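Colleague: Sharing a structure, written as structure tokens. Questions coming.
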Amino acid sequence: MSGCRLVSIWAITKDVELMPFPRASRALERFTVLDLTRVRAGPTCVRQLADWGANVIKIELPPEPGVADPLGGPREGSDFENLHRNKRSITLNLKLPEALAAFKRMVKKADVVVENFRPDVKRRLGVDYKQLARINPKLIYASISGFGQTGPYAHRPGFDQIAQGMGGLMSITGLPGQGPVRVGIPIADLTAGLFCALGILVALLERALTIDPHSFSARAVLALTLVARVLEQVTDTAALDLARGEELIEEVAAASPHHPNLNFARGQVFRARHQYARAIPEYEVAIALNRNSVNAMASLGLCQFFAGDIEKAIPAQELAIRLSPRDPRVPNWYWRIGMVHLLQSRTDEAISWIERARSANPRLAGPRAWLVSAYALRGDLERAAAELAEAGRLSGDKRYASITVHKAAGRLGAAANYALAEETFYAGLRKAGVPTD
């Protein structure tokens, strides 16, 4: 083995014509991944990163004398080439000081190391996390093992069949009366690799937020996520989420005042605080910077409506619909345009738009309540009664429309046009004979 030192880069001769294989994404192309894995679970993990654009360098062991097919099968085989596609390769005998030194030079510039050695093996080789982190403190180190890094079984090797057997999966596979049956595919290895890839992606995002002070995009994404939780009312910690989101946005603003998401993010914060007049200019700047920003257009229309400038809400909503006609929020945008027309006493236009909202999403509660009011205001009490009956049938509650309208009116509590909205809602309902007490 003494002759196996820094061995050659894996290359393919120029006379071999390769079939093109486009990567699924280039999202990870700025990251370098060192792949120390073998067999299946680890290579499955790193293959995902390679497919998503990462610069992957596979570290291969020198071939052992007398061993025809190493772990993982022959390198010319379809299985090996599938597992290791989109990777470059270098052969290093890590037992040799020169090879270990070469590997550690690569670690200095790497973002991720992935390995599936037994814990005692990687420590003996000098490639465990503790030693590599001294070289590169920002390194993300991912390990896959059969029995974990600590505990009584940590020193044992693990393979797919062992995981299926000891995990109990074989006991629920097969036919009644049979003994335990292994799943046909190496499901334990495959899922371990996929979960490891997912963990690496989370670690890269976390590192961007906590270690790399120049990664402002990650901060902006987290800020928008926190504020969205507040706007969508899916958090029990709204005040904390909003405060943290605002703090992150100001961090981005201080370091990157021209960040492309900055104005939209500020608008979202003002909207979450019901400060609609302050949100409007932020959304307008966001749209000026990106004419295709559907989110900014939809939010601008909503804030214009709530701020009392309801006629201006229509163009923003219509433009959002034209740019993204299949957006799941389109029924809400139809409904919002209809609301504006109804508040301006244009009942025919209102009914047309609200009907479109109801057709696009029959289970959306608000449009039906507004249709009851709109038909009644137009004098079509028979149609209003039919809409009310259908709303009650869908909800199992005869007071459905009244309750829904009351909730909708409540959401407009901070709006300048609240009184007009409330008056219009209840005027129509009273005409339809709906109790509004």
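Colleague: Calculated FRET efficiency, Gln161 and Thr225, Cβ-Cβ r, R0 41 Å, to nearest 0.05? The partial results should precede the final answer.
Modeller: Working: r = 41 Å, r/R0 = 0.99.
Computed FRET efficiency for Gln161 and Thr225 comes out at 0.50.
Colleague: Once fully extended, how much extra length lies between Asp348 and Leu381, figured as 0.36 nm per residue of separation less the alpha-carbon to alpha-carbon distance? Write down the numbers at each step before the final one.
Modeller: Working: separation 33, 0.36 × 33 = 11.88 nm, distance 1.44 nm.
Net length gain for the segment: 10.4 nm.
Colleague: Right, next: Report, in listed order, any pair from Lys95/Lys138; Lys58/Lys104; Lys104/Lys138; Lys109/Lys138 with a Cα-Cα distance greater than 19 Å.
Modeller: Numbers: Lys95/Lys138 25 Å; Lys58/Lys104 14 Å; Lys104/Lys138 14 Å; Lys109/Lys138 10 Å.
Over 19 Å apart, Cα to Cα: Lys95/Lys138.
Colleague: Follow-up question, since we're still on this one. At a Förster distance of 56 Å, what's the computed FRET efficiency of Arg322 paired with Ala254, Cβ-Cβ distance as r, to 0.05? Could you put the intermediate results ahead of the total?
Modeller: Values: r = 36 Å, r/R0 = 0.65.
Efficiency for this residue pair is about 0.95.
Colleague: Moving on. So between Val285 and Ala243, what do we pick up on full extension, going 0.36 nm a residue minus the alpha carbon distance? List each step's numbers first, then the result.
Modeller: Details: separation 42, 0.36 × 42 = 15.12 nm, distance 2.28 nm.
Length gained between Val285 and Ala243: 12.8 nm.
Colleague: Within region 105-119, which residues have the backbone N less than 20 Å from the label spot 7 Å out from Tyr153 along Cα→beta-carbon, could you tell me?
Modeller: Only 116-119 pass the distance filter.
Colleague: Hey, got a sec? Which chymotrypsin sites (Phe, Trp or Tyr not before Pro) in region 104-144 land in a DSSP loop and have at most 15 other Cβ atoms within 10 Å?
Modeller: Working: sites: Phe117, Tyr129, Tyr141; in loops: Phe117.
Counting only loop positions with at most 15 other Cβ atoms within 10 Å, none of the chymotrypsin sites (Phe, Trp or Tyr not before Pro) in region 104-144 qualifies.
Colleague: Ok, one more. For a Förster distance of 30 Å, can you work out the FRET efficiency between the beta-carbons of Ile172 and Leu71, rounded to the nearest 0.05?
Modeller: Here the calculated transfer efficiency is 0.55.
Colleague: Let me ask another. Once fully extended, how much extra length lies between Arg30 and Leu96, figured as 0.36 nm per residue of separation less the alpha-carbon to alpha-carbon distance? All intermediate terms of the calculation are to be shown ahead of the outcome.
Modeller: Numbers: separation 66, 0.36 × 66 = 23.76 nm, distance 3.02 nm.
Extra length available between Arg30 and Leu96 comes to 20.7 nm.
Each value in this text was obtained by applying a stated rule to the coordinates, not by laboratory testing. Just so you know, these numbers come straight off a predicted model, no measurement behind them. Cβ sites come from the backbone with ideal geometry, for glycine too, and all protein chains shown count toward neighbours.
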